[in-house]
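The values are calculated or read from the model by the stated rules, or taken from the named source; none is laboratory data. For clarity, every value in this text was computed on a predicted model and none was experimentally measured. Here the Cβ is made from the backbone with ideal geometry for all residues, glycine too, and neighbour counts use every protein chain on show. Areas reflect the complete protein model, heavy atoms only, side chains present, ligands, DNA and RNA absent. Shrake-Rupley method; radii C 1.70, N 1.55, O 1.52, S 1.80 Å.
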Amino acid sequence: MDGDRLHRAELERIAATVTTVDDGEFIHAVTRVCGLSWESGREHTKERLELTDDRSWVDLGTPGNRERLLQAVFAAAIVNSGAVSDTTSVTLAARCLPAVAYLQASSVTVGETGLRLELRLRPGPFVLPDDLVTEINAEDFREFGEELAASGLHSSFAASSGTTLSVQPPPAAQDRN
């Protein structure tokens with residue numbers, strides 16, 4: 001890693017740790033939630049989010065990007081685990097996840113056998129947030145939330161070799177953020 005810069009090689013290693021989903025799909029999700037920086041200073045637009053070489057990177061020094069990378073990690077594990085429909089993309093899961101789960105209350109631990117990801121759901125019903133209306137179909141969003149909630153609360157899923165995902169129910173009303 002180059003300071004706070006994550007290049008393609010580092011993202012491929014992260015992808016290999018958390019999912020067997022194509023690393024290109026994971027990297028695409030990361031660029032969609034984090035955005036990219038380029039050495040030439042070019043603008044990053046939705047049409048130009050391609051991480052191809054060392055002249056572009058995800059900047060973890062950008063406010064919020066560490067949390068957004070965590071979104072993509074959880075999303076890849078969710079998609080890989082079978083907790084949601086096999087037609088759900090990592091990008092869709094990463095974009096929807098903050099509205100469906102409390103990421104700040106989630107945890108990532110490293111054990112002897114690998115990563116353990118624990119995700120705490122928000123209470124339903126799941127309604128598409130205004131900031132996603134132009135990007136995500138409301139029905140896809142609702143289905144993602146419902147599938148994740150029904151995926152076997154308190155169950156652990158093998159997200160990949162050595163990585164497990166546990167989906168926890170919403171906190172009791174008095175415990176909510």
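For the stretch 129-138, does any single residue satisfy the condition of being within 19 Å of Val21 (Cβ to Cβ) and open to solvent by 60 Å² or more (accessible area, probe 1.4 Å)?
no
Could you count how many residues in the stretch 122-146 are of a type outside the set (Gly, Ala, Ser) and under 17 Å from Ala83 (Cα atoms)? Talk me through it step by step, then tell me what you get.
Pass one, the stretch 122-146, residues of a type outside the set (Gly, Ala, Ser): 122-123, 125-137, 139-144, 146.
This time we only want the ones that are under 17 Å from Ala83 (Cα atoms), so: 122, 126, 140-144, 146.
Counting residues in the stretch 122-146 that are of a type outside the set (Gly, Ala, Ser) and under 17 Å from Ala83 (Cα atoms) gives 8.
I'm trying to understand the selection: among the residues of the stretch 39-85, which are open to solvent by 50 Å² or more (accessible area, probe 1.4 Å), at pLDDT 80 or above and not small (Gly, Ala, Ser)?
Hits for the stretch 39-85 are Thr62, Pro63, Arg66, Glu67, Arg68, Leu70.
Mind checking whether some residue in the stretch 153-168 is at pLDDT 90 or above and either open to solvent by 20 Å² or more (accessible area, probe 1.4 Å) or touching a Ser or Thr at 6+ places or on another chain (Cβ under 6 Å) (or both)?
Filtering the stretch 153-168 for residues at pLDDT 90 or above gives none.
Scanning the stretch 153-168, I find no residue that is at pLDDT 90 or above and either open to solvent by 20 Å² or more (accessible area, probe 1.4 Å) or touching a Ser or Thr at 6+ places or on another chain (Cβ under 6 Å) (or both), so the answer is no.
Would you mind stating whether Glu10 is at pLDDT 85 or above and over 27 Å from Phe144 (Cβ atoms)? I'd like the intermediate steps shown before the answer.
Working: at pLDDT 85 or above: yes; over 27 Å from Phe144 (Cβ atoms): yes.
Yes, satisfied.
Please determine whether any residue of the stretch 111-119 is in contact with a helix residue (DSSP H, G or I) (Cβ under 6 Å, 6 or more places away or on another chain), open to solvent by less than 20 Å² (accessible area, probe 1.4 Å), modelled with pLDDT of 80 or more and not in a strand (DSSP E or B).
no
Within the stretch 99-107, identify whether any single residue is farther than 21 Å from Arg13 by Cα, at pLDDT below 90, open to solvent by 40 Å² or more (accessible area, probe 1.4 Å) and outside any helix (DSSP H, G or I), and answer yes or no.
Within the stretch 99-107, one or more residues are farther than 21 Å from Arg13 by Cα, at pLDDT below 90, open to solvent by 40 Å² or more (accessible area, probe 1.4 Å) and outside any helix (DSSP H, G or I).
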